[in-house]
Amino acid sequence: AGYKRYTTSQIEALVPKTQEFVDAVKAGNVDQAKALFPVSRTYWERIEPVAESFGDIDPKIDGREDDERDAGVAFTGFHRLEKDLWVDGLQADSGQIADQLMVDIKDLKSRVITVELTPVQLANGAKELLDEVATGKITGEEDRYSHTDLWDFKANVEGSQAAVAALRPVIDEKDQTLGPVLDERFAAVDTLLENYRAGDGFKSYTELTQDDIKKMTDAVDALGEPVSQVAGVVSS
């Protein structure tokens, strides 16, 4: 129930914030659209495991160009608009792509209301979010045109933390040593990310050194280890 409240709060923010982004794209206001891109994605990235549980909707909203080509699916959603804004310039169909993104986000909202996750699914979702960071964000390939990866990184970690927090009473009851380790590792990642703040957001990923990326990789790996134990603990 606690996690359901969290996902509902995120989707309630995702819909209007994506609408602002879509409106900016359709108005040809490139600077405003660029500013809104990582903000709207924050709410999406926090609840991505829930979206992925529906299967068909995640590729439409968040598919990368090479993913789509490999699967023979049209390249749509956030990353298509990201490429238009940062690389190609707005295209004749950018407005249409933006409208479709909004349709898909509203579709997601209608489905999230019905979703019922088991504790083990919740635990696995927490781990999946960290895997997303490790495989897509740390490599810089997710937001390859805008380099706003650190926003997504932060949102994935927050989503993972929310899932773990919802399970915390069970974790503490069954394994009193795991909770403090989780707290410490989440805090370490948060502290590290704060070093890369810029204004209300984060530095461009291109500004990070290999040493920075190594520190992040180590911190996420260190966090992933206790998070991977959560499913076993809650199902025992």
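The values are calculated or read from the model by the stated rules, or taken from the named source; none is laboratory data. Note that the structure is a prediction, hence the values are computed from the model and not measured. All Cβ positions, even for glycine, are placed from backbone atoms using ideal geometry, and neighbour counts span all protein chains on display. Each accessible area value is taken on the protein alone, full model and side chains, heavy atoms only, with ligands, DNA and RNA left out. Shrake-Rupley method; radii C 1.70, N 1.55, O 1.52, S 1.80 Å.
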Where in the stretch 34-144 are the helices (runs of 4 or more DSSP H), entirely inside, with at least 1 residues that are in contact (Cβ under 8 Å) with a residue 60 or more places away in the chain and farther than 30 Å from GLN210 by Cα?
48-52, 94-112, 119-132
If you scan the stretch 122-143, which residues turn out to be in contact with a Pro (Cβ under 8 Å, 6 or more places away or on another chain), within 16 Å of VAL230 (Cβ to Cβ) and of a type outside the set (A, V, I, L, M, F, W, C)?
ASN124, GLY125, GLU128
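Does LYS127 satisfy being modelled with pLDDT under 95 and basic (Lys, Arg)?
Details: modelled with pLDDT under 95: yes; basic (Lys, Arg): yes.
Spelling it out, LYS127 is indeed modelled with pLDDT under 95 and basic (Lys, Arg).
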Residues that are under 16 Å from LYS60 (Cα atoms) and open to solvent by 60 Å² or more (accessible area, probe 1.4 Å), drawn from the stretch 80-108
GLN96, ASP99, GLN100, VAL103, LYS106
Which numbered condition in (1) within 20 Å of TYR3 (Cβ to Cβ); (2) surrounded by 19 or more Cβ atoms within 10 Å (Cβ to Cβ); (3) in contact with a Ser or Thr (Cβ under 7 Å, 6 or more places away or on another chain) is the only one that SER160 fails?
(3)
Any residue that is open to solvent by 20 Å² or more (accessible area, probe 1.4 Å), at positive phi and either modelled with pLDDT under 95 or of a type in the set (S, T, N, Q) (or both) - is there at least one of those in the stretch 207-222?
no
Of the residues in the stretch 1-14 that are among the hydrophobic types (A, V, I, L, M, F, W, C) and part of a helix (DSSP H, G or I), the one that is most open to solvent (accessible area, probe 1.4 Å) is ALA13
When residues of the stretch 15-33 are limited to those that are outside any helix (DSSP H, G or I) and out of contact with any Leu (no Cβ under 7 Å at 6 or more places or on another chain), the one farthest from TRP86 (Cα to Cα):
ALA27
Among (1) open to solvent by 10 Å² or more (accessible area, probe 1.4 Å); (2) more than 14 Å from the chain's Cα centre (by Cα); (3) within 30 Å of ALA165 (Cα to Cα); (4) of a type in the set (Val, Ile, Thr), which single condition is VAL73 missing?
(3)
Kindly provide the set of residues from the stretch 37-62 that are surrounded by fewer than 21 Cβ atoms within 10 Å (Cβ to Cβ) and either among the small types (Gly, Ala, Ser) or modelled with pLDDT of 95 or more (or both), ordered by number.
VAL39, SER53, GLY55
So which residues in the stretch 15-33 are open to solvent by less than 60 Å² (accessible area, probe 1.4 Å) and more than 15 Å from ILE97 (Cβ to Cβ), if there are any at all?
VAL15, LYS17
